Amino acid sequence: MESRERLNRERVLGTAIRLADAEGIERLTMRKLGVELGVEAMSLYNHVSNKGDLLHGMIDAVFAEIELPPPADDWKPALRKRSLSVREMLSRHPWANGLMDSGTNPGPATLRHHDRVLGTFRRGGFSVAMTAHAFSVLDAYIYGFAKQEKGLPFDSGEQAAAMAQVMLAHLPANEYPHLAELTSQHVLQPGYSFAGEFIFGLDLVLDGLERARDAE
């Protein structure tokens with residue numbers, strides 16, 4: 001339980017985010033949040049109007065953690081850096097994946113983030129239509145990779161290698177030659193990390209978007 005300091009919206013949202021990080025968004029309730037803050041649940045409604053408002057505020061707060069593309073930077077390195085920042089944020093707050101763009105009343109940090117990304121594409125020579133395509137494709141890759149990574153049964157390269165060793169021992173190479181090949185020649189190689197695949201895919205997406213822009 002948190003110390004009894006003055007309650008405000010920022011403190012309510014911060015505590016809710018910490019609870020969601022620790023236990024998952026599905027287990028976050030107003031009652032549990034009140035207990036954590038040392039107040040009755042009804043007191044929370046002085047700072048958030050309802051559970052929906054709480055979630056909107058939480059999403060806006062995590063959007064504020066994302067590093068915005070600097071206006072003066074070239075579009076590709078700026079969006080590459082921003083994409084890495086989004087992925088880092090999702091690793092801290094995996095519950096946010098799937099909720100990031102679900103709100104009908106986005107907060108100022110969310111709007112500022114979206115506007116800056118759109119502006120970065122536009123300054124990079126993308127048409128309005130191509131900007132819409134590019135933003136959609138880029139974030140689909142980031143969110144999709146984060147979701148896939150979260151579902152993996154290992155957290156490190158060492159754990160992945162240990163699991164791959166077990167799989168390889170029970171994997172008939174004559175029946176599954178390509179799985180055996182990938183496991184032995186890639187996953188089990190020194191320095192392997194599934195997280196490293198993110199950079200390869202991100203650069204592939206950005207290069208593809210650049211080609212699409214130039215071909216428009």
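The values are calculated or read from the model by the stated rules, or taken from the named source; none is laboratory data. The structure displayed is predicted, hence computed values, not measured ones. Please note: Cβ atoms are built from the backbone with ideal geometry, for glycine as well, and neighbour counts cover all protein chains shown.
Among the residues of the stretch 4-13, are any surrounded by 14 or more Cβ atoms within 10 Å (Cβ to Cβ), under 23 Å from the mean Cα position of the chain (by Cα) and either in a loop (DSSP other than H, G, I, E, B) or not β-branched (V, I, T) (or both)?
Among the residues of the stretch 4-13, at least one is surrounded by 14 or more Cβ atoms within 10 Å (Cβ to Cβ), under 23 Å from the mean Cα position of the chain (by Cα) and either in a loop (DSSP other than H, G, I, E, B) or not β-branched (V, I, T) (or both), which makes the answer yes.
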> List, please: which pairs have Cβ atoms under 7 Å, are six or more places apart or on different chains, and start with a residue in the stretch 37-62 that is farther than 21 Å from M89 by Cα and end with one that is among the charged types (D, E, K, R) and outside any helix (DSSP H, G or I)?
Replying inline: L37/E2; G38/E2; G38/R4
> Mind checking which residues of the stretch 104-153 are part of a loop (DSSP other than H, G, I, E, B) and either surrounded by fewer than 16 Cβ atoms within 10 Å (Cβ to Cβ) or among the hydroxyl-bearing types (S, T, Y) (or both)?
Replying inline: T104, N105, G125, S127, G151, L152, P153
>> Looking only at the stretch 189-216, filter to residues that are farther than 19 Å from S85 by Cβ and surrounded by 15 or more Cβ atoms within 10 Å (Cβ to Cβ); which one of those is modelled with the lowest pLDDT?
In response: Y192
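May I ask you to list the residues in the stretch 64-103 that are polar (S, T, N, Q) and either surrounded by 14 or more Cβ atoms within 10 Å (Cβ to Cβ) or not in a loop (DSSP other than H, G, I, E, B) (or both)? Outline the logic, then answer.
First, pick out the residues of the stretch 64-103 that are polar (S, T, N, Q): 83, 85, 91, 97, 102.
Of everything in the stretch 64-103, those that are polar (S, T, N, Q) and either surrounded by 14 or more Cβ atoms within 10 Å (Cβ to Cβ) or not in a loop (DSSP other than H, G, I, E, B) (or both) turn out to be S83, S85, S91, N97.
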